[in-house]
Amino acid sequence: MANSEFDWPAKPSLVGTRVNRVDGPDKVTGRAKYTFDINRPGMLYARMVRSPYPHARVVSVDLAPALRMPGVKTALLVRDFANSKNNRVMFQGDEIAAVAADTEEHAMDAARAVKVEYEVLPHVTIVERALDGTAPAVFNGGNVRDARPAQAGDLTAGFAAAAKVVEGTYSTQVITHTCMESHGTVCEWSGDRLTAWISTQGVSGARENFASALGIPQANVRVLCQYMGGGFGSKALSVGAEGLMCAKLAKAANAPVKLMLDRKEEHLATGNRPSAESKIKAGVSADGTITAFEAESWGTGGAGATSDFPLPYLYQSKNRSRTHKNVFTNTGQQRPMRAPGHPQGSFHTEIIMDELADQVNMDPIQFRIKNLPPEAPNAMWRSYLLEGAAEFGWSKRHATGDKTPGPIKTGMGVSINTWGGGGRGPSPAHCEITSDGGVIMRLGTQDIGTGTRTLVATITADALGLRASQVRPEIGDTAFGVSALSGGSTTAASISPGIRVAAVKALDALKEKVAPALGVPAASLIASGGRIHVENEPGKGMSWADACKQIGPQPITADGDWRAGMSSSTTSGAQFAEVAVDIETGIVKVKRILVLQDCGLVVSRLTAESQVYGGVIGSLNFALFEDRILDRNTGQMLNPNMEWYLLAGMSDIPRIDVRLKDQPERGVIGLGEPPTVATAAAIALAVRNATGVTMRSLPLTPAKVLGAMRQTRA
Amino acid sequence: MKAFAYINPANEKEAVAALSPQVEQSMPLGGGQDLLARMKDYVTQPERLVNVKTALESTVTPVGGGLRIGAAMKMADVAEHPEILRMYPAISAAAIEVGTPQIRNQATVGGNLNQRPRCWYYRNEEFVCFKKGGDRCFSPQGENQFHAILGAGPSFIVHPSSLAVPMLAYGATFRLAGPKGERLVPAANYFTLPRQSLRMENVLAPDELLTHVILPAPGNVKSGHYEVRYKASHDWPIAFATVLIAMNGSVVKEAKVVMGAVAPVPWRSAEAEQALVGKSITEATAAAAAEAAMKNARPLSQNGYKVDVAKTAVKRAILRAAGIQTA
Amino acid sequence: MAKKDDSPDGLKLDRRNFFKTTGLAGLAESIAAPAEAAAQSTPAAVGPGDVPVRLNVNGRQIDLMIEPRVTLLDALRTRANLTGNKKGCDRGACGACTMIVDGRPVYSCSTLAIEVQGKQIRNVDGLATGDRLHPVQQAFCEKDALMCGFCTPGFIMASVALLEKNPNATPEQIKKGLDGNICRCGTFSRIFEAVSSVKGGQRG
């Protein structure tokens, strides 16, 4: 393709460098207003009423006691249970009603006063019972749904060709997103126009969702989200029952209403990562080739939701088969959670990889290299594995089982990852340059903590020869335009091209204004170092401020959109972990993690690195700590809080070394999800290396580690 | 939480008086780190709170060769107090591990000793267990990975207090003040097993306040304290132990072994103590004493691992008391 | 319907008689004279409805009419429009609500507004001086010790309190000092770098 002025510059001034997060000062001072912080004049506070039972028929709901309570303005049903065929609640936390009152405390009192009459029904929450048929039949069409099976080659021949065969069962747990800012909305009507502040990953999608659910024109809805406290996939697909109820309460009360969920509601009813269990039988030839890979898997995504995941993950065998069962349970439905499917696939595959490697006395890295997919886009794993091994000190890794005397055993593990992260249009961006030197880059996207604002400012400033702080990104408001949701690691690749195009076009227009004043052709000018000047003649030019004075009262405006050639898709990574296990307590401590990760052209290096740290820590939490624990008898969640739903704190964090592998020629690719895929597997394999015991189930609690060691000794 | 009235008494007399007229509906508010959370979860719903932080003493006074600690003393101050560290190092060691810095800045000695169990059946409104007027303990048939392995039944909670264990080991006495006067209760008699008292974990009456911890002179003992918790940053211990030993030359003359997070009360192990007396302390004798401590352990379906962990805690506390390095 | 909470309904006041109360004659003087009859000197109870609460926040006096059950966090966020500190868990586990009260970091969600009258309360809203960031805030920006930012104010107040008490905190002390705060985005590594770079109130 011919070179274009829109192409990423060969020597960017800012793109790829470490630019301080442009909204850092707002966040560290508390000036940044999240949905939870929005206080509108005359605002009411709302609270949901939810089922405490995993499965029940709602016989009646009496809102009257709530309406009599102090400060209560209105109360509404989620639906008319008494007169509806749809009168069951299907999980603990399922929504029934909502109340609005003058204070949060009064709203809570009122919600508790709502009288709900339940007919408690038998429930299914234990996956094994759903599978063996001993659970009550709860779901129409059955509690279990088969996914489409997949196979290739000839398994029988594959196993016949195997020198060794390994069989195992593996499992990973349900975890919840646990965003620091809960889900919620502030809704305010002006006639038939709705303004909604919502903690969301997609303002445009939220606008559409509000409008269609409320039966009003989309043009009547404005959605704002300047700052939001984490989504991880749970705030992407809809405004939630709480969003809709908030809007309805605001209409009924004729007052703004804030409805933010609390931590218990978050755990119960705002999504989760499905569980995954598998029975795998794999064969390996003497030369280390996987000859057969037979996998049955299953898992629960909650009430009526799926749980599939890739298996095997990345490594391929010519002869393979896979079946998967989606088990429905009376629990909150799954929502995409950071790299959906990949963390499960990674763990369920990588563990058996080391078991197979041991069977043929191969080093785990060599074994992995031998079995990488023969053709894969951006197949960088071999190079990252070898480079990482050298940096990590892999040659010092002992064979399975640390023989050092004493209760502390150390070990190393490795794993690999992939992800798409490509972008697409429409992703329009609008650039304005005003005569006072101001620059606005306006688009409908949102910053969910990833640093999108900084990316917007960096690309713009880079094109205009400015500092990032001289650019005002305007995002997080449907008034600024339409854009896709921030999910799937698609944001950077989707919006970056349009931003650069708009900036370059705006600069072209500015050059046209400046050229006559300098007496040179516009095409001879460049923007660099805060000046517009003739290329290679810095003296022949003027400052940005002076250049903009040439603009006149009508600002320069320019529009851009996504175009091919500036972004692509598919990332690769490798991660190494070292752990120390105290075999007398079962406690695993992660000592260090090394990450090699590519993402094409790195736009904002500082925030990109932070994404990697964040993904790794998220996966460490998956490996060691998080678990949604249900009582096996009542099916209710026992740890809907942040005391027993464990998340790492400062003293639990290892040394993490991040090595971004720049690939500027590939254009922009997303990075949010890739780094969170593989850490858990690397940690579990390090535990295996340390203790000599294969950990096949997450999280790696002391109970599990001690239990596995006990079983191995028996 | 439910709305409540609030009283801020100026001294102990006023505080006791404030509890009495509405007994069972008034509760003392110390650091609030336990009570307020219980109230937010509607586990505890008092009609009024009596702030005791100014009414009770929060200082350390030397008394009879030992120390008297005011129940309103903050955990952070206990952890940093030089005399407590010098005389009762296991108490310091326990105090610094409680919760987080923020919790330690609010939590009081009295509140820590009297806090209610962490059991998730007790703490979740949906489960009406023995301690909430119900007719069962949900843990034996349910999720009991954090429940008791010793001394339990019909409730299987583990006592949640970190301070109770070393205080019991050092022979603490608690001063209680009520409308009829004061009484002094040794720590060993203060905490009650479920078969003695199903709903409450101690003998404190609803109209009484725990005002002081009185520690006798420590004597010539060496202290060891070891806690095992999963998350290093902020977690409840899986098991922990305080061990005090008085030596006769190189062998143990007397020992106190008290375990935490294994039983509904801080658990003193006569078996472990007997296994130490007359022995010199080595990895082997410490391990044997730890084994003895678990002789009568009765794990539930999910908490067998606690036996291993408790053994490790006891063994390492013994070794630390002897000045031997441990993991 | 009977209350299904842990109120000791029917708990006998005399159950103390079941248990031995060891005579401790050997112990030194009694600490206080026996309390007199309950009828004497009880201060007045306030609430449960709205009562005047005066708070000293960031050096300014704030007068509120709130119920005793309102936490310090909610009082500031919903009645004083000081929304800098956040509500993450409301149970004293996540640290997003961390404020400094009389020099000590505390969970403001686990503190009643009414019980911190007369104390010096500082939260993130008062930390910067106009546009001049506190060294800790500046360090967070430079090391990119934040992502979504929701936990950030709590971490910043915990860090400020830590360094004010211990300006030359060791790595171990920094970690332990921040163990009361949780970040879901995973900024711990850079928070540690940021706080480590602020020594004795200076940047270094």
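Below are the figures for this structure:
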item: The stretch A:81-134, subset in a helix (DSSP H, G or I) and not assigned by TED's automatic domain parsing to the domain that holds A:P65, residue nearest to C:R69 (Cα to Cα); result: A:V127
item: Complete set of residues in the stretch A:243-258 that are away from chain C (no Cβ under 14 Å) and either of a type in the set (A, V, I, L, M) or within 21 Å of the chain's Cα centre (by Cα) (or both); result: A:G243, A:L244, A:M245, A:A247, A:L249, A:A250, A:A252, A:A253, A:A255
item: Selected residue (criterion: farthest from the other protein chains (Cβ to nearest Cβ)) from residues of the stretch C:110-122 that are small (G, A, S) and on the phi < 0 side of the Ramachandran plot; result: C:A113
item: Subset of the stretch A:661-683 (residues that are over 19 Å from the mean Cα position of the chain (by Cα) and either part of a strand (DSSP E or B) or modelled with pLDDT under 95 (or both)); result: A:K661
item: Among residues of the stretch C:123-156, those that are surrounded by fewer than 24 Cβ atoms within 10 Å (Cβ to Cβ) and either more than 12 Å from chain A (Cβ to nearest Cβ) or assigned to a loop (DSSP other than H, G, I, E, B) (or both), counted; result: 7
item: Residue list for the stretch B:124-142, restricted to those being within 12 Å of chain C (Cβ to nearest Cβ) and either over 18 Å from B:R38 (Cα atoms) or surrounded by fewer than 21 Cβ atoms within 10 Å (Cβ to Cβ) (or both); result: B:E125, B:E126, B:V128, B:F130, B:K132, B:G133, B:G134, B:D135
item: Boolean, A:G449 is modelled with pLDDT of 95 or more and at positive phi; result: yes
item: First in the stretch A:676-692 and of a type in the set (D, E, K, R), second anywhere and modelled with pLDDT of 95 or more and surrounded by fewer than 24 Cβ atoms within 10 Å (Cβ to Cβ), Cβ under 6 Å, 6 or more apart; result: A:R688/A:T694
item: Helices (runs of 4 or more DSSP H) within the stretch A:190-280 that include 1 or more residues closer than 25 Å to A:V22 by Cβ; result: A:203-214
item: Test: B:A95 is crowded, with 24+ Cβ neighbours inside 10 Å, away from chain C (no Cβ under 14 Å) and at pLDDT 95 or above; result: no
item: The stretch A:621-638: number of residues that are under 14 Å from A:N272 (Cα atoms) and in a loop (DSSP other than H, G, I, E, B); result: 4
item: Filtered residue count, the stretch C:132-170, keeping only those that are of a type in the set (A, V, I, L, M, F, W, C) and closer than 20 Å to C:V101 by Cα; result: 10
item: Which numbered condition A:A686 misses (of (1) out of contact with any helix residue (DSSP H, G or I) (no Cβ under 9 Å at 6 or more places or on another chain); (2) more than 14 Å from chain B (Cβ to nearest Cβ); (3) under 25 Å from A:G487 (Cα atoms)); result: (3)
item: Cβ-Cβ under 6 Å pairs, at least 6 apart or on other chains, the stretch A:61-75 side within 14 Å of A:E104 (Cα to Cα), far side surrounded by 21 or more Cβ atoms within 10 Å (Cβ to Cβ) and among the acidic types (D, E); result: A:M69/A:D109
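Yes/no matrix, rows are residues, columns are (1) more than 14 Å from chain A (Cβ to nearest Cβ); (2) surrounded by 24 or more Cβ atoms within 10 Å (Cβ to Cβ); (3) part of a loop (DSSP other than H, G, I, E, B):
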position	(1), (2), (3)
B:N112	yes, yes, no
B:R118	no, no, yes
B:N144	no, no, yes
B:A148	yes, yes, yes
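The rows are residues; the columns are (1) at pLDDT 95 or above; (2) polar (S, T, N, Q); (3) surrounded by fewer than 24 Cβ atoms within 10 Å (Cβ to Cβ).
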| position | (1), (2), (3) |
| --- | --- |
| A:C179 | yes, no, no |
| A:C187 | yes, no, no |
| A:W197 | yes, no, no |
| A:E208 | yes, no, yes |
| A:A213 | yes, no, yes |
| A:Q218 | yes, yes, yes |
| A:G231 | yes, no, no |
| A:V239 | yes, no, no |
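The values are calculated or read from the model by the stated rules, or taken from the named source; none is laboratory data. Since the structure is predicted, the reported quantities are computational estimates derived from the model, not experimental observations. Note that we place each Cβ from the backbone using ideal geometry, even for glycine, and neighbour counts take in every protein chain shown.
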